[in-house]
1. Under a cut-off of 25 Å between alpha-carbon atoms, report the lysines in cross-link reach of LYS68, not counting same-chain residues fewer than 8 places apart.
2. Compute the longest continuous run of the chain that contains no exposed GluC sites (Glu not before Pro); treat a site as exposed when its DSSP state is not H, G, I, E or B and it has at most 10 other Cβ atoms within 10 Å.
3. Which is the longest run of the chain containing none of the chymotrypsin sites (Phe, Trp or Tyr not before Pro) found in DSSP loop states (not H, G, I, E, B) with at most 14 other C-beta atoms within 10 Å?
4. Between beta-carbons, use under 13 Å as the cut-off and find the net charge around ILE106, counting Lys and Arg +1, Asp and Glu -1.
5. Which whole-number percent is the relative contact order of the chain (Cα, under 8 Å, 6+ apart)?
6. Calculated from the structure, mean projected area of the Cα convex hull in nm² equals which of [x] 9.3; [y] 8.0; [z] 8.5?
7. Which net charge results when you count Lys and Arg as +1 and Asp and Glu as -1 among the other residues whose beta-carbon is under 14 Å from that of ARG13?
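Each reported figure results from applying straightforward, stated rules to the coordinates on display, with no laboratory input. Just so you know, these numbers come straight off a predicted model, no measurement behind them. Here the Cβ is made from the backbone with ideal geometry for all residues, glycine too, and neighbour counts use every protein chain on show.
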Amino acid sequence: MRPAPWFTIEKFRMSNMGPVGSRYGAFRIPYEHKHLLHVIVSDGPLWEHVSATLPNRCPNWNEMCFLKDLFWNDEEAVMQLHPPKSQYVNHHPHCLHLWRPLEEVIPLPPLMFV
């Protein structure tokens with residue numbers, strides 16, 4: 001994840017949710033002057049995480065790519081995750097998540113399959 005502070009998005013921060021200088025927080029980030037993405041950021045001991053919601057629908061691919069580019073460097077792989085049904089949690093019907101483990105590298109398929 002890019003180091004904080006994030007000068008391009010700090011003006012959109014709604015609240016801090018962690019220690020001073022941490023990347024934890026809630027943001028309302030405009031996307032293409034069309035609407036506001038409601039974003040929560042955390043970087044726990046094992047994972048970096050960004051969640052995004054919109055009031056009436058899930059964020060689309062381009063919106064999630066926009067957030068990936070805001071919070072991570074170009075060469076960092078992040079993932080959306082579909083957990084087993086027994087571990088599925090849904091607190092908001094229009095929320096998607098980006099995850100990056102801190103202690104492992106995300107395995108990627110061969111380029112010819114992507």
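1. Cα-Cα hits under 25 Å: LYS11, LYS34.
2. That gives 33-74 as the longest site-free run.
3. It runs 8-87.
4. Combined, the nearby Lys, Arg, Asp and Glu give -3.
5. Normalised by residue count, the contact order of the chain is 22 percent.
6. [z]
7. Charge balance in the 14 Å sphere: +2.
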